[in-house]
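Heads up, the thing below is written out as structure tokens.
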Amino acid sequence: MLSVLEQFQLDPQTWMRAGGNRGDVAKEIDSAFEERGWAERRLDLKTHAFLLDRKGQVKTTFDPVYQEGYLVDNVKGRVALDVEWNAIDGNLDRDMTAYRSWHEAGAITAAVIITKHQASLRSLLNRLWGDYNNARDIQLQVTKPPIDMATSTTTNFEKAELRIRRGVMGTCPLLVMGVSESTWNGKAYLGTD
């Protein structure tokens, strides 16, 4: 997992293109994990419950409870990893709730979320967009960048951090990685024209 993350570089031509949750950045990260044996999988649980007496004899058997999961972007062994780039904020709740329940059921040992570090990337976007506009004729300049880093409705590192501090993960180990300016490849944004 670390080799994927150590090799990843944020390219403005990819990043500064509108594309939603399954945009080019998420696809690039998922592809790198797939090349290393990770795969998209759905994890469902079936819970069987029994009522026992003091001697350990089964007195009541309950109907199994089936919990349908969702497609996790990357699973390898007993680790679940989702890339939540521009997904709706509620995806963090879904992911963290599922990870916790899967961990408590013994199905996974840990989970990982890769997302954007909002504050750092907002700063980088403003700088790259300013440089891009300054290099153009005044009549060709555009005030609004192609992506919105000011939105409060999409997933990001800061929102994941808040949920973790609230204790939503229980005992499930969770690593949240925020893609920040430090992953930028140093290239300028060249636009789409």
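State whether the residues of segment 81-88 include one that is closer than 19 Å to Arg41 by Cα, under 13 Å from the mean Cα position of the chain (by Cα), of a type in the set (A, V, I, L, M) and in a loop (DSSP other than H, G, I, E, B). Looking through segment 81-88, at least one residue is closer than 19 Å to Arg41 by Cα, under 13 Å from the mean Cα position of the chain (by Cα), of a type in the set (A, V, I, L, M) and in a loop (DSSP other than H, G, I, E, B).
Looking only at residues that are over 27 Å from Val65 (Cα atoms) and of a type in the set (Ser, Thr, Tyr) in segment 89-130, which one is surrounded by the most Cβ atoms within 10 Å (Cβ to Cβ)? Applying the filter and picking the extreme gives Thr115.
Taken over segment 53-76, the residue count meeting the criterion of being part of a strand (DSSP E or B) and within 30 Å of Arg22 (Cα to Cα) is 8. Residues of segment 84-114 that are of a type in the set (S, T, N, Q) and either out of contact with any strand residue (DSSP E or B) (no Cβ under 8 Å at 6 or more places or on another chain) or modelled with pLDDT of 95 or more (or both): Thr97, Thr109. Residues of segment 3-44 that are in contact with a strand residue (DSSP E or B) (Cβ under 8 Å, 6 or more places away or on another chain) and among the polar types (S, T, N, Q): Gln9, Asn21.
Against the conditions (1) in a helix (DSSP H, G or I); (2) modelled with pLDDT under 95; (3) touching a helix residue (DSSP H, G or I) at 6+ places or on another chain (Cβ under 6 Å), Ser120 satisfies every one except (2).
Filtering Gln13, Gln57, Gln7, Gln67 for residues that are open to solvent by 60 Å² or more (accessible area, probe 1.4 Å) and within 30 Å of Tyr132 (Cα to Cα) leaves a single hit, Gln7. Say we look at segment 131-147 and pick out the residues that are β-branched (Val, Ile, Thr) and assigned to a loop (DSSP other than H, G, I, E, B); which of these is surrounded by the most Cβ atoms within 10 Å (Cβ to Cβ)? My answer is Ile147.
The values are calculated or read from the model by the stated rules, or taken from the named source; none is laboratory data. None of these values were measured; they are calculated from a predicted model. In this analysis, Cβ positions are derived from the backbone assuming ideal geometry, glycine residues included, and neighbour counts consider all displayed protein chains. In case anyone asks, the SASA skips ligands and DNA or RNA and just uses the protein heavy atoms, side chains included. Shrake-Rupley method; radii C 1.70, N 1.55, O 1.52, S 1.80 Å.
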